[in-house]
């Protein structure tokens with residue numbers, strides 16, 4: 001990195017749209033040649049919290065949402081409490097299938113294959129969120145979480161958003177169900193084998209979330 005290049009400086013933030021789950025800001029800044037520029041940013045934060053994050057550099061550990069990678073096997077194992085957060089890595093035999101969802105998403109007006117996911121509620125941590133969202137979107141219980149493999153914070157699309165994500169890995173038990181979904185959710189949950197995942201990844205007429213694509217490719221060993 002060339003430390004002699006002057007980094008852009010944010011000098012103004014205007015809230016151009018607000019809602020419960022999303023805010024849009026017009027961010028004014030000076031580029032490296034001191035020209036005035038603007039950038040449109042979508043954020044899960046309100047203006048005050050967004051300024052604290054990007055200007056005051058506060059709340060760096062906060063995560064907006066969680067993606068859950070759930071492995072399921074066909075063996076009969078003793079049940080564990082659904083709220084158990086264990087530092088247990090799924091063994092190879094626990095990875096017979098991976099939990100995938102096919103969900104209708106308004107921005108593309110179509111279905112897309114992805115992984116169970118959800119926003120982190122105030123006061124919750126990423127593991128509590130992972131347990132709740134897995135149950136809500138699939139009916140399955142996340143009963144063993146691999147904290148060592150968990151990605152505790154990353155960014156998915158910084159060209160348009162400051163949204164941060166965690167990726168939680170674990171083992172699931174139970175039966176697939178749509179009984180716990182919210183009214184706005186139109187989701188088809190499924191458990192896919194490695195061969196089924198390989199077949200999905202070769203199709204050209206389906207939509208696949210890029211984060212899910214990378215994880216599914218790793219799972220399938222392709």
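The values are calculated or read from the model by the stated rules, or taken from the named source; none is laboratory data. These numbers come from a predicted model, not from an experiment. Glycine also receives a Cβ, built like all others from the backbone with ideal geometry; neighbour counts cover every protein chain displayed.
From the list 134, 160, which residue is loosely packed, with under 15 Cβ neighbours inside 10 Å and in contact with a strand residue (DSSP E or B) (Cβ under 7 Å, 6 or more places away or on another chain)?
Details: 134 fails: loosely packed, with under 15 Cβ neighbours inside 10 Å.
Answer to the selection: 160.
Hey, can you tell me all the residues within segment 197-208 that are surrounded by 15 or more Cβ atoms within 10 Å (Cβ to Cβ), touching a residue at least 60 places away in the same chain (Cβ under 8 Å) and over 17 Å from residue 169 (Cβ atoms)? Walk me through it before giving the result.
At the first step, the residues of segment 197-208 found to be surrounded by 15 or more Cβ atoms within 10 Å (Cβ to Cβ) are 197-198, 200-201, 208.
Those left that are additionally touching a residue at least 60 places away in the same chain (Cβ under 8 Å): 197, 200, 208.
The answer is 200, 208.
Tell me yes or no: at least one residue of segment 48-57 is modelled with pLDDT under 90 and either out of contact with any strand residue (DSSP E or B) (no Cβ under 8 Å at 6 or more places or on another chain) or under 30 Å from residue 122 (Cβ atoms) (or both). Let's see the steps before the verdict.
Our first condition is that a residue be modelled with pLDDT under 90; within segment 48-57, this holds for 57.
Among the residues that remain, those that are also either out of contact with any strand residue (DSSP E or B) (no Cβ under 8 Å at 6 or more places or on another chain) or under 30 Å from residue 122 (Cβ atoms) (or both) are: 57.
Yes, there is a match, as at least one residue in segment 48-57 is modelled with pLDDT under 90 and either out of contact with any strand residue (DSSP E or B) (no Cβ under 8 Å at 6 or more places or on another chain) or under 30 Å from residue 122 (Cβ atoms) (or both).
With respect to the numbered conditions (1) in a loop (DSSP other than H, G, I, E, B); (2) under 13 Å from the mean Cα position of the chain (by Cα), which one is the sole condition not fulfilled by residue 152?
Exception for residue 152: condition (1).
Identify all residues within segment 163-188 that are in contact (Cβ under 8 Å) with a residue 40 or more places away in the chain, closer than 21 Å to residue 97 by Cβ and out of contact with any strand residue (DSSP E or B) (no Cβ under 8 Å at 6 or more places or on another chain); write none if there are none.
The first filter runs over segment 163-188 and keeps only residues in contact (Cβ under 8 Å) with a residue 40 or more places away in the chain, leaving 163-173, 179-182, 185-188.
Filter again for closer than 21 Å to residue 97 by Cβ, leaving 167-173, 179-181, 187-188.
179, 180 - these are the residues of segment 163-188 that are in contact (Cβ under 8 Å) with a residue 40 or more places away in the chain, closer than 21 Å to residue 97 by Cβ and out of contact with any strand residue (DSSP E or B) (no Cβ under 8 Å at 6 or more places or on another chain).
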